[in-house]
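Pasting a structure here, questions to come.
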Amino acid sequence: MKPSYQSHVAQSRTLLKEQSRGYGLLLGILVIVNFILFKKQVDLSVFYFLNNLALDFPHWFFAHLTDLGSGATVIGLSLCFLVFRPELICRMLVAGIICSLLVWGLKHYFDVLRPAAVVNSLNIIGNIHFKYSFPSGHTAAAFVFAGSLYLSLNPIWIKMVLLVVASFVGMSRVVVGAHWPSDIAMGAIIGLFSAYSAAKLLPPIWLIAKVRLLCFVTIFIALVIAEIEGEYDFPQLPSVKVFRWMIIFLSLILIMRHVLLSWLINKPKKV
């Protein structure tokens, strides 16, 4: 291994240590909350409290909020961020893979019934789901995105805003009747754990321009295909889908901007 690479790894670990202040405490709090929510009566009480908020706010508000945790929206937002921080492409890809595998594995292992299959009376916004409740995939996606940015940005106010938004996304999953509160807590833990694991495993990696472009284009094409063929939870609220496509279109514009700037920078100068 080259000394320069060793120095780069050491520097990235030092930076990660500085940027991850408070991260362990946050994970610890979530673990405690998760243990408390494992008591069925507590889980059910918190569920009813949050789910009844659907009566006090318009449905479109929680539909838009909860959709911020959908795979398509999170990937679109990630692309928008990675255009400005391309050295984090590999790290965020690995974080997403770890998160997806953990969520998929736990969902199919525990096969917990969703509230609609257990509770007789509840508020439901969007499509009704009955299986694979634990953990919440939307919450995990929101927190793996928030955690990845938390570990790569310095301003504390941005870190707090990201965590607050991710938390509201998680709570909205209970409001729309899709998950139990315990699903949300575990989803948040998985998301933050995945983001930190990827950051610990991979230092920032500067890919060559062609490889960066290939990554952006591949992710974008996969995103568009998944969005066209995937399931949509709010058919009665087309504005949610419109907003999702706006984010996807924004990511395309930023990718094109990145390509143009790279071409201008690397363009041979006439003598």
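Here are Val94, Val9, Val83, Val74: which of them is of a type in the set (A, V, I, L, M, F, W, C), touching a His at 6+ places or on another chain (Cβ under 7 Å) and either at pLDDT below 95 or under 30 Å from Glu227 (Cα atoms) (or both)?
On the way: Val94 fails: touching a His at 6+ places or on another chain (Cβ under 7 Å); Val9 fails: touching a His at 6+ places or on another chain (Cβ under 7 Å); Val74 fails: touching a His at 6+ places or on another chain (Cβ under 7 Å).
None of the other options fit; the residue is Val83.
Let me ask you something else. Counting just the residues of region 98-116 that are open to solvent by less than 50 Å² (accessible area, probe 1.4 Å) and of a type in the set (Gly, Ala, Ser), which one comes out farthest from Leu50 (Cα to Cα)?
Of everything passing the filter in region 98-116, Gly105 is farthest from Leu50 (Cα to Cα).
On to the next question. Suppose we filter Val31, Val46 for residues that are β-branched (Val, Ile, Thr) and under 22 Å from the mean Cα position of the chain (by Cα); which single one remains?
Working: Val46 fails: under 22 Å from the mean Cα position of the chain (by Cα).
Within the list Val31, Val46, the selection yields Val31.
Conditions tested, residue by residue: (1) surrounded by 13 or more Cβ atoms within 10 Å (Cβ to Cβ); (2) outside any helix (DSSP H, G or I); (3) of a type outside the set (A, V, I, L, M, F, W, C).
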site	(1), (2), (3)
Thr14	no, no, yes
Leu30	yes, no, no
Leu44	yes, no, no
Asn51	yes, no, yes
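Please state which one of Ser167, Ser172 is of a type in the set (S, T, N, Q) and without any contact (Cβ under 8 Å) to a residue 60 or more places away in the chain.
On the way: Ser172 fails: without any contact (Cβ under 8 Å) to a residue 60 or more places away in the chain.
The match here is Ser167.
Turning to a different aspect of this structure: Among the residues of region 194-201, is there at least one that is loosely packed, with under 13 Cβ neighbours inside 10 Å, among the basic types (Lys, Arg) and farther than 19 Å from Leu65 by Cα? Spell out the reasoning first.
Within region 194-201, the first condition is being loosely packed, with under 13 Cβ neighbours inside 10 Å, and the residues that meet it are 201.
This time we only want the ones that are among the basic types (Lys, Arg), so: none.
No, that holds for no residue.
Let me ask something else about it. Modelled with pLDDT under 90, more than 30 Å from Val118 (Cα to Cα) and exposed (fewer than 12 other Cβ atoms within 10 Å of the Cβ): is that true of Ile265 in this structure?
On the way: modelled with pLDDT under 90: yes; more than 30 Å from Val118 (Cα to Cα): yes; exposed (fewer than 12 other Cβ atoms within 10 Å of the Cβ): yes.
Taking the combined requirement at face value, the residue satisfies it.
Do you know which of the residues in region 79-94 that are in contact with a Ser or Thr (Cβ under 8 Å, 6 or more places away or on another chain) and under 25 Å from Phe243 (Cα atoms) is surrounded by the fewest Cβ atoms within 10 Å (Cβ to Cβ)?
Residue satisfying both the conditions and the ranking: Arg85.
Right, another one. Tell me which residues, restricted to region 203-226, are within 19 Å of the chain's Cα centre (by Cα) and modelled with pLDDT under 90.
Matches in region 203-226: Ala226 only.
When Ser133 is evaluated against the numbered criteria (1) open to solvent by less than 50 Å² (accessible area, probe 1.4 Å); (2) within 30 Å of Phe249 (Cβ to Cβ); (3) in contact with a Phe, Trp or Tyr (Cβ under 7 Å, 6 or more places away or on another chain), which criterion, by number, is the only one it fails?
(2)
Within region 228-236, is there a residue that is open to solvent by 30 Å² or more (accessible area, probe 1.4 Å), part of a helix (DSSP H, G or I) and closer than 24 Å to Ile255 by Cα?
yes
The values are calculated or read from the model by the stated rules, or taken from the named source; none is laboratory data. In this text, all values refer to a predicted model and were calculated from it rather than measured experimentally. A quick note on method: Cβ atoms are made from the backbone with ideal geometry, for glycine too, and the neighbour counts reach across all protein chains shown. Heads up: the accessible areas ignore ligands, DNA and RNA and are worked out on the full protein's heavy atoms, side chains in. Shrake-Rupley method; radii C 1.70, N 1.55, O 1.52, S 1.80 Å.
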